[in-house]
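Chemist: Quick one: the structure is below, and I'll ask about it shortly.
The values are calculated or read from the model by the stated rules, or taken from the named source; none is laboratory data. Note that the coordinates shown come from a computational prediction; the quantities given were computed from them, not determined experimentally. As a convention, Cβ positions derive from the backbone with ideal geometry for all residues, glycine included, and neighbour counts pool all protein chains shown. Quick note on the areas: whole protein, heavy atoms, side chains included, nothing else; ligands and nucleic acids left out. Shrake-Rupley method; radii C 1.70, N 1.55, O 1.52, S 1.80 Å.
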Amino acid sequence: MLALYEQIRARGGKLVITVLPQPVQAMDPRFVGPEGVWSRFCAGKEGCAYVDVIDPLRQALAPFRDRLAKTNDPAEREKLVTNATNDPNHIYLGDVGGHFNEHGMRIIGDALAGGVERVLGR
């Protein structure tokens, strides 16, 4: 990663690091991601920033987390999480492997946009 940072800086660019958690991790308040490692990596390096997407994702997923907490039937929970449509009554995954569908990608994009704009100075 240090070599990548140095290449980007040599060209006058900025390195933005973020880690996208699995949806289940984002919805679990006990999950502690790798943000400490990447924050420390970027500390003191000009043009290097870690953008934390976990908290914005948690906020975006709060209504779904409440619905999941109230759903005891495993089959119903699975259907709620993995429905591949953009139906607002369903969460945002495309499959059980944790791949985001279009709705999920919009949530992630919205969560990342503000942090990346701050890093780029826009």
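Chemist: Can you give the net charge of the other residues whose Cβ lies under 13 Å from the Cβ of LEU15, counting K and R as +1 and D and E as -1?
Modeler: +2
Chemist: Separate question: Can you give the FRET efficiency to the nearest 0.05 for ALA3 and LYS45, using r as the Cβ-Cβ distance and R₀ = 22 Å?
Modeler: Here the calculated transfer efficiency is 0.95.
Chemist: With all protein chains present and a 1.4 Å probe, how do LEU4, LEU112, LEU57 order by accessible area, largest first?
Modeler: LEU4, LEU112, LEU57
Chemist: When the solvent-accessible surface of protein heavy atoms is calculated with a 1.4 angstrom probe, in what order do LYS14, LYS70, LYS45 fall, highest first?
Modeler: Descending accessible area places them as LYS70, LYS14, LYS45.
Chemist: Taking amide H positions as placed in the peptide plane 1.01 Å from N, state which residues far from VAL53 in sequence (5 or more) or on other chains have amide H under 5 Å from it.
Modeler: It is VAL19, by chain and number.
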